[in-house]
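All remarks here apply to the structure that follows.
What follows is calculated from the coordinates using simple rules that are stated; it is not laboratory data. Quantities reported herein were computed from a predicted structural model and do not represent experimental measurements. With ideal geometry, Cβ positions are generated from the backbone for all residues, glycine too; neighbour counts draw on all protein chains shown.
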Amino acid sequence: MRESPLSKLLLQLLRPQLPQMLAMLRKFVLAESPSLEKLPADHCCGIVAGEWRKRKAHVERVPQKRRGDHLRITWAPQNARAPGQLLVLGHYDTVYASGTLAKVPFRISGGKAYGPGTFDMKAGLVQALFALDALRQSKAALRKRIVFLWTSDEEIGSDSSRKLIESEAQRSDAVFVLEPSFGPRGLLKTSRKGVGEAEIIVHGRASHAGLAPQEGINAVHELARQITRIQEWNDPRRGISVNADIIEGGTRTNVIAERARAVVDLRATRIADMRRLERRLHSLRPSAAGARLEVHGGFNRAPMERKVSAAPFVHAKFLAAQMGLRLGECAAGGGSDGNLTAALGIPTLDGLGAVGDAAHSAHEFVIVKTMPERAALLAALLASS
Ligand SMILES: [Zn+2]
């Protein structure tokens with residue numbers, strides 16, 4: 001008789017664990033953890049840390065002044081001198097302010113778990129814990145050290161965690177990101193657009209619109225011309241989008257506007273396009289004589305190009321097939337911390353977290369029966385990468 005593969009065994013171990021997984025999901029969701037509120041975020045961090053300590057993992061809390069503390073958890077294989085490292089990346093912060101639970105309670109109904117942060121991405125954190133449990137139960141021989149890094153500010157751009165993520169990624173052979181998957185089929189995200197934000201400020205000259213219009217330089221008009229210009233850089237076929245989403249300028253109708261400002265959202269699928277967009281932005285010149293332009297900003301997260309995900313995706317698909325599951329992939333328009341690790345050239349597979357939908361909304365949910373499957377997939381990846 002042929003021995004059944006480890007991935008199948010992991011799934012068999014995890015399926016009966018669903019009630020326990022849901023109990024833990026409830027516990028994590030009830031600990032609200034808004035990115036912008038340190039106190040509740042730290043409380044949630046403590047609860048997550050406690051679960052890992054129970055399992056005798058090595059837990060380090062990385063203290064933060066303004067944001068919730070980050071968590072770095074290490075699990076080393078028995079033969080302590082592991083030759084490599086795998087990084088599992090996630091965040092415990094959510095986009096919901098404290099008190100959201102009172103309006104949007106945690107509940108399970110029709111095979112779905114609802115509540116703030118269930119899908120993005122507390123279910124992912126639960127799956128990681130149970131993945132480790134299953135690995136231990138299966139007695140699989142781990143070849144590499146595993147670092148689980150849970151950060152507190154992914155939803156607001158990862159300012160306080162970026163360095164930590166990058167230095168941990170640099171020590172790793174591969175990065176598995178527990179961001180939610182896409183759609184009801186749970187597609188993994190094998191490429192992500194790079195995301196940026198730029199600010200264009202126009203300085204003109206104020207003057208009386210009736211008595212001395214010739215003396216004025218209208219900053220609002222100049223900004224309008226600049227916006228028309230950058231609008232032409234949009235190229236949906238190449239995955240480039242440029243959108244002025246906030247504009248302001250001027251003071252009153254009889255005063256020629258002295259100042260105007262636009263905030264522009266930037267996205268690109270390719271690193272080369274990102275660089276070209278940044279160059280073009282910073283070489284914008286005023287068209288009206290006497291007007292002055294200031295341009296700030298650029299890309300915050302570089303594109304995650306598919307080539308860094310291709311190999312780990314093929315491997316994940318193979319493991320899923322061993323478990324009798326079909327695994328698909330997609331390109332995402334939004335960025336995640338996976339963009340940061342991919343930009344370093346480290347093989348990165350994103351969207352390995354929960355299956356569900358409606359992230360960042362009151363209807364956010366997880367399809368509960370997929371939780372053991374995704375935990376098993378992560379466990380199998382950790383045992384074999
Ligand atoms: Zn997320």
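Here are a few things to note about the model shown:
- Some residue of segment 186-197 being away from the ligand (no atom under 16 Å from the Cβ), touching a strand residue (DSSP E or B) at 6+ places or on another chain (Cβ under 6 Å) and farther than 22 Å from residue 308 by Cβ: yes
- Among the residues listed as 172, 158, the single one being surrounded by 19 or more Cβ atoms within 10 Å (Cβ to Cβ), small (Gly, Ala, Ser) and within 16 Å of the ligand (Cβ to nearest atom): 158
- When segment 110-143 is filtered for residues that are among the hydroxyl-bearing types (Ser, Thr, Tyr) and either at positive phi or away from the ligand (no atom under 15 Å from the Cβ) (or both), the ones remaining, listed by number, are 114, 138.
- When the test is whether a residue is touching a Lys or Arg at 6+ places or on another chain (Cβ under 6 Å) and not in a helix (DSSP H, G or I), residue 349 does not pass it.
- In segment 24-36, the residues that are among the charged types (D, E, K, R) form Cβ pairs under 6 Å with partners that are not in a helix (DSSP H, G or I), at six or more places apart or across chains, as follows: 26/106; 32/98.
- Residues in segment 37-55 that are more than 19 Å from the chain's Cα centre (by Cα) and without any contact (Cβ under 8 Å) to a residue 60 or more places away in the chain: 38, 39, 40, 42, 43, 46, 47, 49, 50, 53, 54.
- Among (1) closer than 19 Å to residue 67 by Cα; (2) in contact with a Pro (Cβ under 8 Å, 6 or more places away or on another chain); (3) not β-branched (Val, Ile, Thr), the one test that residue 150 misses: (2)
- Filtering segment 245-289 to residues that are charged (D, E, K, R) and assigned to a helix (DSSP H, G or I) leaves 273, 275, 276, 278, 279, 280.
- Residue 312 vs. criteria under 25 Å from residue 170 (Cα atoms) and in contact with a Phe, Trp or Tyr (Cβ under 9 Å, 6 or more places away or on another chain): yes
- Residue 123 being in contact with a helix residue (DSSP H, G or I) (Cβ under 8 Å, 6 or more places away or on another chain) and under 30 Å from residue 66 (Cβ atoms): yes
- Considering segment 119-147, the residues that are assigned to a loop (DSSP other than H, G, I, E, B) and touching a residue at least 12 places away in the same chain (Cβ under 8 Å) include one that is farthest from residue 76 (Cα to Cα), namely 140.
- Being more than 16 Å from the ligand (Cβ to nearest atom) and not in a strand (DSSP E or B) holds for only one residue in 321, 342, 354, and it is 321.
- Residue check for residue 58: on the phi < 0 side of the Ramachandran plot, within 16 Å of the chain's Cα centre (by Cα) and either within 16 Å of the ligand (Cβ to nearest atom) or surrounded by fewer than 18 Cβ atoms within 10 Å (Cβ to Cβ) (or both): no
- Apart from one condition, residue 77 fits all of (1) loosely packed, with under 14 Cβ neighbours inside 10 Å; (2) touching a residue at least 12 places away in the same chain (Cβ under 8 Å); (3) over 15 Å from residue 151 (Cβ atoms); the exception is (1).
- Taken over segment 156-176, the residue count meeting the criterion of being in contact with a strand residue (DSSP E or B) (Cβ under 7 Å, 6 or more places away or on another chain) and either in a loop (DSSP other than H, G, I, E, B) or not β-branched (Val, Ile, Thr) (or both) is 11.
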